[in-house]
Every structure is written in structure tokens, then in C-alpha cells.
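Beneath this line is the structure, given in C-alpha cells, with notes to follow.
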Amino acid sequence: MIKFVPLNRFILKFNRLYLSFIFLLMASAMQFCASPGPLVGGEKDEDPPVFLGSNPAKYDRNIKPRKITLQFDEFPVLDDLTKHLIISPPINENPDIKLKGKKVLIKNDKDLVLEDNTTYTYYFGDAICDLHETNPIRNFEFVFSTGPNLDSLSIRGALRQAKTMSPIEGAFVCLYKPNTNDTIPFDSLPYLVRPYYIARTNEMGEYNLNNLKPDTYLMFAIVDANGNYFFDMPNEEIAFVDTLVFPQEVFEIIPDSIPVSDSDSALMDSLWEYHSYTLIHNPVDLFMFLEDDSIPRLTETKVEPEKRIDFVFKYPIRDSFNISIVGDSMQANWYLEEFSSMKDSLTLWLKVIPKDTIQLRVQIDTISADTLTLVLREPEKKVVKPKKSSRKKDSGKGKKDEKPVIKYATNTKQTHLFSTDVLVNFETPLVYANRENMVIQEDSSWVKGNFVFTDSLKRNLRIQYPWKEATKYKIIIPQEALRDMFEVENDSIKIDFKTTSTENYGKIMLDLKTDSSFTYPAIIQLVKGEAEKEQILQQHLLKCDTLIELPFIGEGEFYIKLIEDRNNNGHWNSGHFGYRQLPESVFYLQKIIPVKVGWEVQEIWQVKSGDKKRPPALKKERKKDKKTSKTNSGK
């Protein structure tokens, strides 16, 4: 029997099923939408969030806001805010900064004290980014004034490493106002007081200090190893300007080559944003250094038993170095002393062994002494007699140990530059050397050279001779012609090489010209390689402008570097902030010089202040930068 259902009941039941199905679909869709993740498909988003406005308004005046709201056109994120955010002048309480939808909320602490008639800048750097691709708003800042006027002056420039002129990223450039603290000397402010204005350098080493009061300032920069804005760590580098600086007006300029239309506001907005450039008449560049006359502390000690003790110092020794054995009143002459050329390491060659183990008192300059316990002779090991065995005796028994010989190294390879001396470095100090028996063979003829030791310990032998071009040579030091302080003699030493010829090289003729601001004496260097691995190929000392010949250059690409050698010691010297001593100035010819075999490259260099920066990268450096860029971009 067929049972009929009333139509209205059937429709009601169908509606319930239909609504349940729709509800399940909506719930699934909501769950899917609630799962965060990047959008799939379409072109990659490369645009940062757009700043739509704020409450209070940017550049507002006569306000001391407790809450600031920044509005954007999309959902922003804050990327490493602690690193990027800088508030100038510094405030006594850090604000609470949060995200709410498409807004960034800045809530100032209730105990915050804002000075009257002062322009404040909340500099976010690159911290505000979009959600999915992390595209930052470059150098975003929010500015307001507690008085009727906005301070509008600026100081801009670049921070570079003083020795290599490479840009320094992420350092702090700081300004101090004079007469802010009568109890602290002006030059001591960086050690004891937080700066009044702060900026951070970008990847090019550039900085912008904006919205400054018209005043004079003390200016310096630090890497700030411990993040407190003080120059208070021995491992912190510093840069400073040795005179007071005054901020300037900054002009935004659209190049004359670009047509403009004052009636087209959209066009002008685009031109100002994408095609204008900043003009400042006198940028202030700083040069960062690590003070090189800090305390020369002992950092490492090594002992080669019965032979030598090596000391390594953090900085060169400037005044004195004294050692004594604790508890030994005799203090016999038990060692030979050998400093490195920079006096940042010392070797004691042991003439006698006072004791197997000694306590050595080390006094460096005027600082407190260190006491070291050193083992100079290892205790003899007890020899355990082997048990008798019926096995056959070892066939190697009875062989004598190899006789020790003096070890050495030379500056020669298979080929040797005919214009340079041959250098031989011996591993140990010599007490005897029979130079009369040392000879040189030139092709098949025997000739006499000049064999000269260049140090008192006779470890460095210079062999001088008018080497001919493209000629085979052999230097012979006969067996037992040398004996070191440990009674070890030399085996027969034979040094074979062939000299090069002029046609194997190129050269550079440099006409150097400086102005009255440059100070002689100076050092001119031919260098190559990356900034931190810069290799000096040639060096010449100069007393005036002159025509310089840089001969015997192999094929490659090179830099030319000029150093003001203020103390006339033949190498670059760092500075000292406490003594108001700047590092010696470094200049680079702003071009790469390619040299090939047989070339004579002629250059005129009119040295100017703009040459205090690193020149364009060499091919190897450019390739490396491109490779790094691809890696960072994920390609």
C-alpha cells in the first residue's frame, strides 16, 4: 500500500536538508579561509603597503600625543622592529607598538616626557612590510612637533671603513648638543650620555639625520656592540668629526631633462617620488676605525718544549716588555728575543732550560703583570723493557734516526722577478754561517753574489745579484755551512729558478697631483682583491707630487691607493677618539686599471676629497656580488 506524504511536509523536510547542506558548505569555506597562507597564482606582489594617513597627522604641530595611529592600504607586518626603530631625540620610555588590521598603533608610555618646542622623529627604517612578500616601506618615518615650528635641517653623508673605504651598514651615526650637561666635558659625552639625534646607515653606508634644530653638534658613529648607544666597549669601532658640525637645508630636485607640468598634480607627485634626487651642499662623511693603541694585552702563549716560547698580543707593544722567572734571583741569560715587525708578537728562543717547569712574570708597558706557568721540558717517560720473545727480531732494528737539519723557506718559485733579491728565511736562529762558500751558478758559469743577513738572529738571508732577464740560476749553500743555536746544521741547499723578462709584464705611469689640503709624506700602493683581503703588490714612499712608475705588473685588474702618512712610518695608522686623533686619510683612484703583458698604462690622478671611497668593484667582486644577490633572492 502506497503511503502519501502531504506536500507541505515534504517541502519542509527538503528545506531542512537543503539548509543543513548549505550550512556545512559555509562552515567548510570559513575554515578554509581562516587558514593563513600566501595567495596562489598571478604575478608576484612587489609593492609595499601604501601609507594612507595618520591620527594625529604626520608633521602635525603643537601636540604631545599619547597615541598615534598609522593607516595603510593593506595588512602590514613589523619586521625586526627592535633593530629598525629609532626615535630622535631619544625618549625616556619606549612606546608600545602593535598591529590592528591595516593599522599600526603607537602607544606612548604614561610616564613619557616630551620636551617643549621639539621636533620628534619615529624612524621605522624598513620595519613596516606587507604580509605575504615582506616588501618594506623604505625609510618610513613619522614626524611631529611639540611646538609651533618643525625643525627642517639635515646632515647627510656616508660612513666608511677608514683603511679600505668600504661602506659600513647598520652602524649608528650620533649627534650631541653642546652645553647639555655642564658637569661632563664635551669630549666625554659619547662615553657617558645617550646621543640627542641618531640615524642608522644603510647597505651603502649612507645616513640621513633629518628634522634637526639649527645648532652646532658633536658628531660620531659607532657599531655599538652591546646596543646601548655608548662608546664603552674595547671592541667597538668608532668614527668622529674633529670639529663641530652645523646642519644644512636639503633640496629635492627634478632634473632639467624631465618635462614637468605644475597643473598635473598626479604627474608631479610621481616625478617627486620616482625621479627627484636630494641635493646637499656639504655632505659629512665619517671614517670608522678600531683604536690601535689600546692596551696590548697578552692574548696567546705557545711553548715548543726545549726550543721556543711564542707570545701574541692584541695590539702592538709601544713602550716596554719585561719578563722574569718567579723565585729565581739569578735571572741568567737564558733566551734570545725576537719581535715581529709590528711588535704584536714575540718569540723567546731558549738558550738554556732554567727548569722543566717555570712561572714566568710578564710585564707589558705599564699595565699589571701576568704570571704564566710554562712547561719548558717534558718529563722523561719510563721505558718498559719488552718481554723476551721467540719471534724474529725486527728487521728495522739498528737503523739510525734521521739526522735533523736546518729548515728554510724562500721567496722564489720556478720563476723569479729579475729585479728583486732572493730571500731565505731559516726556521731557527743561526750561530754560525760560512758565507764565503755560498755561490751562484748563472747558466753554466759560477758567479759571486752578496749574501747578507738582515736581522741580528741571522734568520733572514738576502741574496743580492744583478740578475739577468730570462736566465737560469742555481744558488748553492754547501752542507754544514750553517749551524743554529741548537747545534743543528744544514743539509746542502740548492735553490733553482729562472728569471723573468721585461716582456712578461706591463707597467703603469701615474702622474699624481694633489691640492693644498693634502699633506705629505704619503704612501702610494698598487693593490688588488676585495676590501678585507686587499693585497699590496707595490708600495712607494712620496714626499711631493711626482710622476710615479709602477713596473713589472702581471696581467690583471688593479686599484691605486694613496695614504697620507702623517707620522712618516711607512704604513697606515688608525686613530684615537680620546686624543681627538683621526685615522690617516686614504684615497682611491676612482677607476679600475686593467694591465696586460707589454702594456704601458698612463694615468693622471688629480686627488680630491671625493676619492675617499672605494672604487667600483673588480670583475671577481662583481661576479661574487651577483652570485650573492641571486642566492638571497631565492633564484
If we ask which residues in the stretch 460-471 are under 14 Å from V422 (Cα atoms) and open to solvent by 30 Å² or more (accessible area, probe 1.4 Å), their number turns out to be 6
When every residue in the stretch 228-250 that is modelled with pLDDT under 70 and out of contact with any helix residue (DSSP H, G or I) (no Cβ under 7 Å at 6 or more places or on another chain) is compared, the one nearest to N139 (Cα to Cα) is Y229
When restricted to I406, I325, I353, I364, the only residue of a type in the set (V, I, T) and modelled with pLDDT of 90 or more is I406
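Whether any residue in the stretch 430-450 is open to solvent by 70 Å² or more (accessible area, probe 1.4 Å) and within 28 Å of L547 (Cβ to Cβ) is what I want to check. If you could, list the steps in order and put the result at the bottom.
Within the stretch 430-450, the first condition is being open to solvent by 70 Å² or more (accessible area, probe 1.4 Å), and the residues that meet it are 431-432, 435-437, 443-444, 446, 448, 450.
Filter once more, keeping what is within 28 Å of L547 (Cβ to Cβ): none.
No - not one qualifying residue is present in the stretch 430-450.
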Note on L212: of the conditions (1) open to solvent by less than 10 Å² (accessible area, probe 1.4 Å); (2) at pLDDT below 90; (3) on the phi < 0 side of the Ramachandran plot, unmet is (2)
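So, D45, is that one more than 23 Å from A199 (Cβ to Cβ), assigned to a loop (DSSP other than H, G, I, E, B) and free of Cβ contacts under 8 Å to residues at least 24 places away in the same chain or not?
Details: more than 23 Å from A199 (Cβ to Cβ): yes; assigned to a loop (DSSP other than H, G, I, E, B): yes; free of Cβ contacts under 8 Å to residues at least 24 places away in the same chain: no.
Criteria not met by D45.
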Sole miss for K58 among (1) exposed (fewer than 13 other Cβ atoms within 10 Å of the Cβ); (2) in a loop (DSSP other than H, G, I, E, B) is condition (1)
Scanning the stretch 488-517 residue by residue, those part of a helix (DSSP H, G or I) and of a type in the set (D, E) turn out to be E503
Filter the stretch 285-316 for residues that are in a loop (DSSP other than H, G, I, E, B), modelled with pLDDT of 80 or more and not charged (D, E, K, R); the one that is surrounded by the fewest Cβ atoms within 10 Å (Cβ to Cβ) is P305
Expected single match for under 30 Å from Q71 (Cβ atoms) and surrounded by 14 or more Cβ atoms within 10 Å (Cβ to Cβ) among Y197, Y176 is Y197
Within the stretch 564-586, restricting to residues that are in contact (Cβ under 8 Å) with a residue 60 or more places away in the chain and assigned to a strand (DSSP E or B), the one that is surrounded by the most Cβ atoms within 10 Å (Cβ to Cβ) is V586
Those residues of the stretch 472-487 which are closer than 17 Å to V424 by Cα, open to solvent by 10 Å² or more (accessible area, probe 1.4 Å) and not in a strand (DSSP E or B) amount to P478, Q479, E480
Scanning the stretch 490-500 for residues that are surrounded by 14 or more Cβ atoms within 10 Å (Cβ to Cβ) and either farther than 15 Å from D421 by Cα or in contact with a Leu (Cβ under 7 Å, 6 or more places away or on another chain) (or both) gives N490, D491, I493, T500
When every residue in the stretch 505-524 that is out of contact with any Asp or Glu (no Cβ under 9 Å at 6 or more places or on another chain) and in contact (Cβ under 8 Å) with a residue 12 or more places away in the chain is compared, the one least open to solvent (accessible area, probe 1.4 Å) is I524
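Residues of the stretch 518-559 being aromatic (F, W, Y) and assigned to a loop (DSSP other than H, G, I, E, B), which ones? So that I can check it myself, show each step before the final result.
Pass one, the stretch 518-559, residues aromatic (F, W, Y): 518, 520, 552, 558-559.
Listed by number, the residues that qualify are F518, Y520.
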Reported set for the stretch 340-358 where residues are under 27 Å from the mean Cα position of the chain (by Cα) and open to solvent by 50 Å² or more (accessible area, probe 1.4 Å) is S341, M342, K343, D344
By residue number, the members of the stretch 98-116 that are open to solvent by 100 Å² or more (accessible area, probe 1.4 Å) and modelled with pLDDT of 90 or more are K98, K100, K107, D116
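The values are calculated or read from the model by the stated rules, or taken from the named source; none is laboratory data. These numbers come from a predicted model, not from an experiment. Counting neighbours? That spans all protein chains shown, and the Cβs are built from the backbone with ideal geometry, glycine included. Surface areas here come from the heavy atoms of the whole protein model, side chains and all, with no ligands, DNA or RNA. Shrake-Rupley method; radii C 1.70, N 1.55, O 1.52, S 1.80 Å.
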